[in-house]
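Here's the structure, in structure tokens; my notes come after.
The values are calculated or read from the model by the stated rules, or taken from the named source; none is laboratory data. The model shown is predicted, which means the values in this text are computed figures rather than measured ones. Cβ coordinates were reconstructed from backbone atoms using ideal geometry, including for glycine residues, and neighbour counts include every protein chain displayed. Surface accessibility is based on the protein's heavy atoms, side chains included, excluding ligands, DNA and RNA. Shrake-Rupley method; radii C 1.70, N 1.55, O 1.52, S 1.80 Å.
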Amino acid sequence: MMTLSERYRDALVADPRQDALNQLQADRFGSKIAADEQAGLVDQALALGSALAKQVLQETGEAQVANLLAENSEELVPNLFAIAGFYGAQVTEDEYPVAPEFTTIGYFETPNQLFVNRWFAQYDEGVQTAEMPLLAYEQWRSVALAHELFHYLDETKKMVPPQDYRLSLWKLGPYTHKTELTILREIAAMSFAQHLTNWPFYPGRLTELLMALTELYSSESK
């Protein structure tokens, strides 16, 4: 089993498309999709998220969104708090205790509430010392916020087109029950967050790393 620092370094060099494909294949419904369809659906979801990120940056404009120079980086990172406000969303940063088996870094609550979990900031000094600076709260909170903003724009503003793909779950006589796949929306949200914030690796890895971080500090405190 890889250590946390090894998983961190692996995330930095991993292919985001492959990470998204792995996420689809690990999903209980996504795993039911025919193998020859999986890659195409992932590509569509990633493209959808990327396109929406570009649209959001164009709509908010330089007048509404101040570009902030990210610490220890030459990349310009948009001000996600300003973008959320532009679309009428309200952001709350607060501490929500987590357990090793379940880690929440952010969530969206209708109609317009976006929450980011500041609980992980207690680990900031440790991750800096361990040379994993991207796991510091101030570094990743915009990514978590962008992910939840996608769900807000999708559910409240209807800015995300409906899925063309429907998975057949069961049949009853001539009727076939089909459903959208939530996991494709999640992959699109990951792509949206990554492109909107210039994040260097697939955001789905962030939750995994923070869960591992929680497990590490929980075991050390015993």
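If I ignore ligands, DNA and RNA and count only protein heavy atoms, how much of Ile105 is accessible to a 1.4 Å probe, in Å² to the nearest 10?
20
Apply 1/(1 + (r/R0)^6) to the Cβ-Cβ distance of Gln18 and Ala99, taking R0 = 22 Å, and write down the FRET efficiency to the nearest 0.05. All intermediate terms of the calculation are to be shown ahead of the outcome.
Working: r = 29 Å, r/R0 = 1.32.
Calculated transfer efficiency: 0.15.
With every protein chain in place, what's the accessible area of Tyr123 (1.4 Å probe, Å², nearest 10)?
Tyr123 exposes around 10 Å² with every protein chain in place.
Just reorder Lys54, Lys158 by solvent-accessible area, largest first, 1.4 Å probe, all chains present.
Of Lys54, Lys158, the descending order of accessible area is Lys158, Lys54.
Give me the one-decimal nm value for the distance between modelled label points at Asp36 and Thr110, 7 Å along each residue's Cα-to-Cβ direction.
Output for this residue pair reads 3.9 nm.
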